[in-house]
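Beneath this line is the structure, given in structure tokens, with notes to follow.
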Amino acid sequence: PGAPAGGLAPAPVDRAKRPKVPKKRPINPPSVETVEALRTKATPRDATAIALMAYAGLAPVDAFSVQWLDWRGGVLSGTRQKSGEQIHIPLGRVMPSIAADLSAYRSLSSPSLTDPIVGPQNVASWRKRVFYDQLGADFNPYALRHLAVSLWLRDPDVTDLEAADWAG
């Protein structure tokens, strides 16, 4: 079709349909009380994995791959499996009770420094078999990571830049 009398022709883009942007579901991290209730029902190993996700902000795959040599002087250091980036999270500073829990868990056995803290584990299998079936969690374990970030952002001793750095 041509231009209307005395005007410009419509632009082809005017006929294009705009793509629909999917709505993002709100992320509602579990409360500390919910996490602690799960941890009390879990084995020491699974309770430690949950703590690493909920308080160190690790993704499940990272929680099952960190080694004891990554835990030094209250700082958890290591490499994120997905991105390869280095992490350095001062758990002794931001979550001293978890630092104590890690030390207590380590004393249950005498692992070598290169042993994984809680792994190795097939994360998908653990999520279904332990997290959902045995512990009865009604949220995705990735929500635990969001709890850690929420806690860091509420902590007056943690800057926003530190929280962003630790979250990756």
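The values are calculated or read from the model by the stated rules, or taken from the named source; none is laboratory data. No experiment lies behind these values; they were computed from the predicted model shown. Note that each Cβ is placed from the backbone with ideal geometry, even for glycine, and that neighbours are counted across all protein chains shown. Heads up: the accessible areas ignore ligands, DNA and RNA and are worked out on the full protein's heavy atoms, side chains in. Shrake-Rupley method; radii C 1.70, N 1.55, O 1.52, S 1.80 Å.
Summary table below
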quantity	calculated
Net charge of neighbours whose Cβ lies under 12 Å from the Cβ of ASN140, counting Lys and Arg as +1 and Asp and Glu as -1	+3
Helix-only [θ]222 nm of the chain, DSSP H runs n ≥ 4, -39500 (n - 2.57) each, per residue, nearest 500	-11000 deg cm²/dmol
Highest average packing first - 87-93, 142-148, 10-16, Cβ atoms within 10 Å	142-148, 87-93, 10-16
Rounded if a/c under 1.5, otherwise prolate or oblate - the stretch 82-161, Cα gyration tensor axes	oblate
Residue list for the stretch 29-60, given a label point 7 angstrom along the Cα-to-Cβ vector of ASP138 and an amide N cut-off under 19 Å	29-42
Entry for volume of the Cα convex hull per residue in Å³ (calculated from the structure that is shown) out of [x] 199; [y] 186; [z] 311	[y]
Solvent-accessible heavy-atom area per residue, rounded to whole Å², over the chain at 1.4 Å	60 Å²
Simple Cβ-charge dipole of the chain, Lys/Arg +1 and Asp/Glu -1, about Cα centre, in debye nearest 20	860 debye
Apportionment of accessible area to carbon and sulfur, the stretch 55-108, percent (1.4 Å)	55 percent
Cα-based helix-to-principal-axis angle, 142-154 vs the chain, degrees rounded to 10	90 degrees
Choice from TRP126, TRP68, TRP152 showing the highest fluctuation, given a GNM over the chain with Cα pairs closer than 10 Å	TRP126
The chain: angle of helix 96-107 to the longest principal axis, Cα-based, in degrees nearest 10	50 degrees
Segment SER77-LYS23, extension gain: residue separation times 0.36 nm, minus the distance between their alpha carbons	15.9 nm
